[in-house]
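The values are calculated or read from the model by the stated rules, or taken from the named source; none is laboratory data. Please read these numbers as outputs of a predicted model, since none were measured by experiment. Here the Cβ positions follow ideal geometry from the backbone for every residue, glycine too, while neighbour counts run over all protein chains shown.
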Amino acid sequence: MNFIKRMNSLANLALTLAWTIGTAGSTLLAQDAEIVIADFEGSSYLDWKANGQAFGDGPAKGTLPNQMAVEGFSGKGFVNSFVGGDKSMGTLVSSDFSIQRNYISFLIGGGKDEEKLALQLWVEGKLVRKATGPNSSPGGSEKLAPEFWDVAEFIGKKASIRIVDQAAGSWGHLNVDHIVQTNSKPLQTQHDVERKFVVDARYLHLPIKNGGPKRMVTLLVEGKPIVRNEIELADDQADWWAPMDVSAWMGKTAVLRVDKLPSNSTALTSIEASNAIKNSENLYSETQRGQFHFSPMRGWNNDPNGMVYYNGEYHLFFQHNPYGWSWGNMHWGHAVSKDMVHWEELGDKLLPDEQGPMFSGCAVVDWKNSSGFGKDGKPPLILLYTAAGNPTVQSLAWSTDGRSFTKYSGNPIIPQITAGNRDPKVIWHAPTKQWVMVLYVEKPAGRHTVHILTSTDLKQWKVASVVEGDPMGRPFLFECPDMFELPVDGNGRDKRWVLTAANSEYALGSFDGKKFVPEQTRLAGHRGRGFYAAQTFSDIPPTVGRTDDRRIQIGWFQTETRGMPFNQSMTLPLELGLITTEDGPRMTFQPVKELQSLRTRTHNFNAMDLSPGAPNPLDKVKAELVEVRVEFEPGTAHEIVFNIRDVMVIYYPAKQEISVAGHTAPAPLRDGKQSIIIYCDRIGTEVFASDGLTYVPTPYNTKADNKNLYFETRGGTAKVLSLEVHELKSAWNKP
Ligand code: FRU
């Protein structure tokens, strides 16, 4: 059979094959034999002609450099127009063949654009059929999926196939393989398949297959489309079930409409309704669930959004894909907490709409009701977010109870500046009595800028200035900007403005209500891995006994949790500060004091001189969730070493560096001493050193049964001034 396939891949030749193939005991009639038009198994395209750059010299043998893993092709080779990346374009054209079967089936994947990314069938000089890939927004999957055309009406006619890549942006490529003429009807793909529900419970449970083909699923209520999501629906066995919250439409008729479904798919029929999350017996105690890091019950999270203290609660909104394990369908999920440690997830509050998916943004309390959305003397909570459609705009939603949110009817409040504008973060600037927004604006050629806009009512904004870069004009701040003022050494009279962005680098400078003037070029923020798009809370109430309010940041902690019905989480809440160093003021990160409520059992050790070969002081402590605090003078030790459940945390006094799980960061001694704080959760460790100058988040999947802790020195004796180990409890239990 292989031989025949290879022969057939010479498209023309294939058509002359008219024989019967004897197989063990059965006979396949010539007129029903499959005709392989192309299987792309060789090193060249044979009689297909490639133009442009996108297709290279021959079929790809798998994933190309910088491409996500490609799966689902047949055999070893396939057409992959990612040669040279998304930006390359071209066409690949077969020679003519005659249509001899009722169907042409093929495998297709990659970007979605019917015009620019298409597999086309041309018959007698006319374009008669086309197909494209499934992905139109970032995320998604490179998987090829089977599709077919009914071509019975063209039998006997001369045809050719053209693979077109005229797209250069994100998902600007196509994957194609195994193009076959056949008489056995491939499984029918049904279009716009619907199922009706009378809503009598909070959730509809959608079956999800991670990495499966994406289908557009529309929720309609009483005939009106409410929201559209691209969902990897499971056609048979689900990896997990995504709850769709339909409680807003109790008693009404809801319809789920799927754009494409194979006829044997059980995706729609398997959906059940209930008031609880499906398979939730072990909710929050799953083996890879961070126990004191926020993560959504189900689905994917990325950036923290809308962080604010309002009506006695901390609010955390977050970039949420409720229907996928990977990025996509951006909603704003919502959780509240009394202490930033124990969170209760409430459900999604901003759903994608006709302005696009809901990208990152912020929240502020409008104390003086400048927006007019307040009611009965209650200051409104205002959300400012990016609606990332085309155009990509900034919009507003408001609430007076911190639970239900209404999108402003005058949206958008800021039109598109450039297609890449996003992630508004707003503060109240008391000296000039106005709202100030920092907004990421991507200029041509990917040049990163932060636009500073001002407003008196949160609805009308004007651009006050543009931060093009550091004092040398080099761009340095990317998406998700944040700007706030911090005291130096806790001294209310000496302050600096901090402008920071997604990768946590920052600039210190001055700000007069219109213009940020940086003092120097970029400074390093966190020193670890997997920390991104952090944001600080707005409106945290003043702390008794302090001259300044706390500035508390939470970042997106990028730990993959494979096999779980959720993915990624948030970091610990981090109190930011500025302390004086030899180089000037520098930012510090400290775990918030509220985390102390997690401690269940404390092991306090006496000060000690620790020499190589000494017994492990932590021998008796066994803990899964753990906080370690140590202060030492390095003495003659070359290395001060902690092994926390297999995560090595090593301090090197000579280099004044700390290494966490092999990742090294500068960690200067402070007054000849070093103090280190280690938090270890199921999804990683966060290490703080040098009075907070060094913060090393490290994503990591721990092994539940390893509860061992070691502490030792190498090369000499260290003077341990204090050592505490705290066993911690899960934050998912009510405090
Ligand atoms: C950062 C980011 C933001 C955007 C959001 C979309 O991770 O790309 O710039 O608003 O994620 O989910």
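Couple of notes before you dig in:
- Cβ-Cβ under 6 Å pairs, at least 6 apart or on other chains, region 505-530 side under 16 Å from PHE484 (Cβ atoms), far side assigned to a loop (DSSP other than H, G, I, E, B) and of a type in the set (Asp, Glu): LEU508/GLU519; GLY509/GLU519; PRO518/ASP470; GLY525/GLU505
- If you go through region 220-275 and keep only what is farther than 17 Å from PHE197 by Cα, outside any strand (DSSP E or B) and under 26 Å from the mean Cα position of the chain (by Cα), you end up with GLU232, ALA234, ASP235, GLN237, ALA238, ASP239.
- Test result for VAL450, free of Cβ contacts under 8 Å to residues at least 40 places away in the same chain and either closer than 18 Å to PHE317 by Cα or within 15 Å of the ligand (Cβ to nearest atom) (or both): no
- One residue from ASN282, ASN311 being farther than 21 Å from TRP732 by Cα and surrounded by fewer than 19 Cβ atoms within 10 Å (Cβ to Cβ): ASN311
- Among the residues of region 323-361, those identified as in contact with an Asp or Glu (Cβ under 8 Å, 6 or more places away or on another chain), within 12 Å of the ligand (Cβ to nearest atom) and in a strand (DSSP E or B) are HIS331, TRP332, GLY333, PHE359, SER360, GLY361.
- In region 578-604, the residues that are crowded, with 16+ Cβ neighbours inside 10 Å and either over 35 Å from the mean Cα position of the chain (by Cα) or among the β-branched types (Val, Ile, Thr) (or both): ILE579, THR588, VAL592, HIS603
- Any chance GLN558 is among the polar types (S, T, N, Q), within 16 Å of the ligand (Cβ to nearest atom) and buried (at least 21 other Cβ atoms within 10 Å of the Cβ): no
- Candidate set from region 363-390 (those that are part of a loop (DSSP other than H, G, I, E, B) and closer than 20 Å to LEU439 by Cβ); member that is farthest from the ligand (Cβ to nearest atom): SER370
- Filtered by the rule that a residue be among the polar types (S, T, N, Q) and either outside any loop (DSSP other than H, G, I, E, B) or buried (at least 22 other Cβ atoms within 10 Å of the Cβ) (or both), region 703-732 gives ASN708, THR713, SER722.
- Checking region 450-460 against the condition returns no match, with no residue being touching a Lys or Arg at 6+ places or on another chain (Cβ under 7 Å) and at pLDDT below 95.
- Qualifying positions in region 454-484 - among the aliphatic types (A, V, I, L, M), more than 16 Å from the ligand (Cβ to nearest atom), under 22 Å from ALA524 (Cα atoms) and part of a loop (DSSP other than H, G, I, E, B): MET472
- Odd one out for LEU283, checked against (1) more than 16 Å from the ligand (Cβ to nearest atom); (2) in contact with a strand residue (DSSP E or B) (Cβ under 9 Å, 6 or more places away or on another chain): (2)
- Among (1) in a helix (DSSP H, G or I); (2) touching a Ser or Thr at 6+ places or on another chain (Cβ under 7 Å), the one test that GLN596 misses: (2)
- Residue in region 463-474 that is more than 16 Å from ASP423 (Cβ to Cβ), more than 26 Å from the chain's Cα centre (by Cα) and in contact (Cβ under 8 Å) with a residue 60 or more places away in the chain present: no
- Filtered by the rule that a residue be modelled with pLDDT of 95 or more and surrounded by 14 or more Cβ atoms within 10 Å (Cβ to Cβ), region 249-264 gives TRP249, ALA254, VAL255, LEU256, ARG257, VAL258.
- Check on SER88, modelled with pLDDT of 95 or more, in the same structural domain as SER170 (by TED's automatic domain parsing) and under 21 Å from VAL128 (Cβ atoms): no
- Residue count for region 495-504 under the criterion of being outside any strand (DSSP E or B) and either more than 16 Å from the ligand (Cβ to nearest atom) or free of Cβ contacts under 8 Å to residues at least 24 places away in the same chain (or both): the result is 0.
- Among the candidates ASN503, ASN491, residue that is at pLDDT 95 or above, polar (S, T, N, Q) and assigned by TED's automatic domain parsing to the domain that holds PHE318: ASN503
- Residue match in region 103-112 (condition: more than 16 Å from the ligand (Cβ to nearest atom), under 22 Å from GLY328 (Cβ atoms), in contact (Cβ under 8 Å) with a residue 60 or more places away in the chain and in a loop (DSSP other than H, G, I, E, B)): no
- Among residues that are crowded, with 16+ Cβ neighbours inside 10 Å and touching a helix residue (DSSP H, G or I) at 6+ places or on another chain (Cβ under 6 Å), VAL193 is not included.
- Of the numbered criteria (1) at pLDDT below 95; (2) within 16 Å of the ligand (Cβ to nearest atom), the one PRO296 fails is (1).
- Apart from one condition, VAL649 fits all of (1) part of a strand (DSSP E or B); (2) free of Cβ contacts under 8 Å to residues at least 40 places away in the same chain; (3) under 26 Å from THR580 (Cβ atoms); the exception is (3).
- Of residues in region 505-528 being under 29 Å from the mean Cα position of the chain (by Cα) and part of a loop (DSSP other than H, G, I, E, B), the one nearest to GLU657 (Cα to Cα): ARG527
- Scanning region 506-544 for residues that are at pLDDT 95 or above and either out of contact with any strand residue (DSSP E or B) (no Cβ under 7 Å at 6 or more places or on another chain) or among the polar types (S, T, N, Q) (or both) yields SER510, ASP512, ALA524, GLN535, THR536, SER538.
- Here region 501-537 is the region considered, the condition is being polar (S, T, N, Q) and within 20 Å of VAL687 (Cβ to Cβ), and the residue that is surrounded by the fewest Cβ atoms within 10 Å (Cβ to Cβ) is ASN503.
- PRO634 meets all of the listed conditions (1) surrounded by fewer than 17 Cβ atoms within 10 Å (Cβ to Cβ); (2) at negative phi but one, namely (1).
- Given (1) within 30 Å of GLU575 (Cβ to Cβ); (2) of a type outside the set (Lys, Arg); (3) surrounded by 18 or more Cβ atoms within 10 Å (Cβ to Cβ), number of the condition ASP401 does not satisfy: (3)
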